[in-house]
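Before any comments, here is the structure.
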Amino acid sequence: MDRMKIGYFADGPWSHKAFEKIIADSELKIEFICVRFDTKDDTIKKYCSDYKIDYLMDKNINSKDFLEVITQYNCDLFVSMSFNQIFKNTILNMPRLKTINCHAGKLPFYRGRNILNWALINDEKEFGVTIHYMDDGIDTGDIILQKSFPITDSDNYSTLLARAYEGCALLLYKAIKKIKAGTAKRISQQSIHPVGFYCSDRREGDENLSWNKSSRDVFNFIRSISLPGPQARTFLGENEVFINRAEYIPDAPNYKGIPGAVLKADKKGLIIKTKDSFIRIVEWSCKSKIKTGNRLK
C-alpha cells in the first residue's frame, strides 16, 4: 500500500502530539515540516533531525519561490496545526487531497483566535475541536470531524489546554486516516448555522480585570487567562496584583456595595465585592499585603 505523503505546517505544543501519532503510522509519511517564521519550537527541529524530515521556514508560504520548493515533494495532503500564515488558493489546492486544518473551536462558532480563553469568558459548558478542509476564508471550510469536550467550574485555561492538545492530536490523526481511506465526509458549515461567529485575538491590556461585573463574569475571566496565560490583573494602590485562581460562590447574596472592596481576608483567601455579590480569590501575587478594607481597582 502506498504511503500517504504529508506536508506538515506546524509549530508549538499543539503540533507535537499529532506529530507523534502520524510518525508512528507506517501508512503515513511526513515529507517536510514548515514551522512559523518566528518559531521558538526546538522540539519540532529535533523531530526533523531524529526522523530525517526536511525542516522548512519561509516568511511567505504563498511566494513563488516557496511554492517551487514544496512542489518537489509531490505531497498528497497538507496539514496545518497551529500555523500562523494564511494559505491562498494555489498552495491549498497543490496536494491532490487538498489541505486540512485543526481548530480548537466548535465551528462554525468560535472561528478566529484565542478560542479556549473566549469559551471560558463566555461561560460555555463545552468547547469543540474541529478538523476541516481549508478554503479562502478563515476557519470556514467544510468540516471532516468534530468533537465536543465538557467544561466544568473546576476547569481553567490550563486544564482546557491539556484536553485540547490531546483532542486535537487524536481527531487530526483520525481525519487523516479517513482521508487516506477515502471515507472522509464533508459537512458544510452553513448547514450547521448560516452565520457562525468570530473571536478576535487577545492583546496586551486585555488582562485588566473589572470588578464592576457579576461574580460569575469575574470568575470566568480569571480562569480564562490563568497560567500559562498572562493572569488577570488588578491594582492595589500602585501595586499590580496577579490573580491566578478564584472560587465562585453560588449562594452569595445579591446586594449593592463597592466593587473591588476587600471584605474579608483569611486563610482561605480574599473575599472581594463584585457588582452583584462577592467572590473568593485563592491564588494571587502582590508586593504589598492585602488587608480587609483595601480596595482593588
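The values are calculated or read from the model by the stated rules, or taken from the named source; none is laboratory data. Everything numeric here is computed off the predicted structure, so don't read it as measured data. Every residue, glycine as well, gets a Cβ built from its backbone with ideal geometry; the counts of neighbours run over all protein chains shown. Heavy atoms of the whole protein, side chains included, go into the accessibility calculation; ligands, DNA and RNA do not. Shrake-Rupley method; radii C 1.70, N 1.55, O 1.52, S 1.80 Å.
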> Quick one: helix 42-51 against the long Cα principal axis of the chain, what's the angle to the nearest 10°, folded into 0 to 90?
Replying inline: 30 degrees
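Within 10 Å, Cβ to Cβ, of V35, how many net charges do the neighbouring residues add up to if Lys/Arg are +1 and Asp/Glu are -1? If you can, show how the numbers build up before the last one.
On the way: positive: R36, K40, K45; negative: D11, D38, D41, D58.
It works out to a net charge of -1.
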>> For the ranges 23-34, 192-203, 123-134, 101-112, what's the packing order if you count other beta-carbon atoms within 10 Å of each residue, average per peptide, and put the highest first?
In response: 101-112, 123-134, 23-34, 192-203
> For region 15-106, which whole-number percentage of the solvent-accessible area (1.4 Å probe, protein heavy atoms only) is attributable to carbon and sulfur atoms?
Replying inline: 46 percent
>> Quick check: at a probe of 1.4 Å, how many percent of the accessible area of region 218-283 sits on carbon and sulfur atoms?
In response: 54 percent
> Over region 1-89, what relative contact order in percent results from Cα pairs under 8 Å that are six or more residues apart?
Replying inline: 42 percent
>> Just to confirm the number: angle between the C-alpha axis of helix 215-224 and the first principal axis of the chain, 0 to 90 degrees, nearest 10?
In response: 40 degrees
>> Assuming 0.36 nm per residue, please report the length gained on full extension of the stretch T159 to S210 beyond their Cα-Cα distance.
In response: 16.0 nm
>> Suppose a student asked you for the relative contact order of the chain, using Cα pairs under 8 Å spaced at least 6 residues apart; what percent would you report?
In response: 14 percent
>> Tell me the mean residue ellipticity at 222 nm calculated for the chain from its helices only (DSSP H runs of n ≥ 4, each -39500 (n - 2.57), averaged over every residue, nearest 500).
In response: -7500 deg cm²/dmol
> So which lysines pass the test for K291, namely a Cα distance under 18 Å, with those fewer than 8 places away in the same chain ruled out?
Replying inline: K264, K267, K268, K273
> Across every pair of different alpha-carbon atoms, what Kirkwood hydrodynamic radius in Å does region 8-137 reach?
Replying inline: 15.7 Å
>> Going by Cα centres, region 7-61 and region 100-178 are how many Å apart?
In response: 20 Å
>> Computing the accessible area with a 1.4 Å probe over protein heavy atoms, can you report the carbon and sulfur percentage for region 124-195?
In response: 53 percent
> What angle do you read, to the nearest 10 degrees and between 0 and 90, between the alpha-carbon axis of helix 157-181 and the longest principal axis of the chain?
Replying inline: 20 degrees
> Candidates (1) 19.1, 66; (2) 18.8, 57; (3) 22.6, 73; which is the computed Rg and Dmax of the Cα atoms in Å?
Replying inline: (3)
> Which entries of K125/K213; K21/K46; K52/K106; K29/K106 show an alpha-carbon separation above 26 angstrom in the structure shown?
Replying inline: K52/K106; K29/K106
> Tell me, what is the per residue accessible area of the chain in Å², probe radius 1.4 Å?
Replying inline: 51 Å²
